[in-house]
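Following: one structure in C-alpha cells, then a few remarks.
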Amino acid sequence: MTCNGIEIEVIRKAVRRVSIKVSAGGKVQLNVPWQTPLSVAEAFVRDKADWIMVNYLKFKDKKPHTLQPVSREQAVELVDFLNQSVRHWLQVMGEKKPVQCHLRNMKTMWGNCRAQTRNIAFSLQLAHKSNAFREYIVVHELCHLRVQNHGADFQALMDQYLPDWRERRKEGK
Ligand SMILES: [Zn+2]
C-alpha cells in the first residue's frame with residue numbers, strides 16, 4: 001500500500017484495531033486485524049494521510065542505532081557525568097530553575113527535552129560515547145529550554161555556548 005508516494009507495509013496481526021507506526025528510516029507499518037477488510041485499512045490510511053506525511057518526514061533521516069548493552073558501572077559513570085555537566089551548564093547559561101533528568105534506552109534519540117515541564121531524557125547509549133559528545137547533547141537539550149526547534153535561533157545559542165558543536169555532533173551519526 002502507498003500514501004502520497006510513501007510505502008506502507010501492511011501487517012496482518014492478532015490485534016483489535018487498525019494502527020499505524022512510523023519508525024527510524026521512515027519505515028511505515030500498518031497493523032491490521034485478521035478480520036478487517038483491506039478497504040477499511042485503506043480508509044484509515046487516507047484519514048491519516050497528513051499524520052503519515054509529517055511523521056515520515058520526521059523519521060526518514062533518522063538512523064536507528066543498535067542498542068548496545070550497558071553495564072551497571074557504565075550507567076553509574078554516565079549518570080555522574082550527566083549530573084555534573086547539567087549542573088555546570090545550567091549555571092553557565094544562567095538557568096536558575098532546576099531540570100529533571102532521566103535516563104532511557106532510546107533507539108533514535110540521544111536526548112529529548114520538554115521545555116514546559118523542564119524534563120530532559122538522556123539515552124542510556126551515551127554510555128558508549130565520549131565526554132565531548134555527551135556534553136554536546138547536554139548543551140543541546142538545555143538550549144531547547146529556550147528554543148524548541150533547531151532553527152537559526154537555536155543554532156545561534158549553540159554557537160554561543162559550544163562553538164565546536166558541529167564537530168562534536170559527528171560522533172552521533
Ligand atoms: Zn534537538
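Computed quantities for the displayed model
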quantity	calculated
Helix-only CD estimate at 222 nm, as mean residue ellipticity for the chain, using -39500 (n - 2.57) per DSSP H run (n ≥ 4)	-12500 deg cm²/dmol
LYS97 paired with ALA24, simple spin-label distance in nm, labels 7 Å along Cα-to-beta-carbon	3.2 nm
Debye intensity ratio in log₁₀ form over the Cα atoms of region 72-172, taken at each q of 0.14, 0.23 Å⁻¹	-0.48, -1.39
P(r) weight above 28 Å for the chain, C-alpha pairs, percent	38 percent
Antiparallel %, DSSP beta bridges [both residues in the chain], to 5	50 percent
Alpha-carbon centroids, region 24-102 and region 122-139: separation in whole Å	16 Å
Crossing angle, helix 38-47 versus the chain [Cα axis fit, 0-90 degrees, rounded to tens]	40 degrees
Overall form of region 2-59 per C-alpha gyration tensor (a/c, 1.5; a/b vs b/c)	prolate
Most fluctuating residue given options ARG72, ARG87, ARG104, as computed from a GNM of the chain linking Cα atoms under 10 Å	ARG72
Angle in degrees between helix 152-161 and the longest Cα principal axis of the chain, rounded to the nearest 10	30 degrees
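Each reported figure results from applying straightforward, stated rules to the coordinates on display, with no laboratory input. Keep in mind the model is a prediction, meaning the values are calculated, not measured. For neighbour counting, all protein chains shown are included, and Cβ atoms are generated from backbone atoms with ideal geometry for every residue, glycine included.
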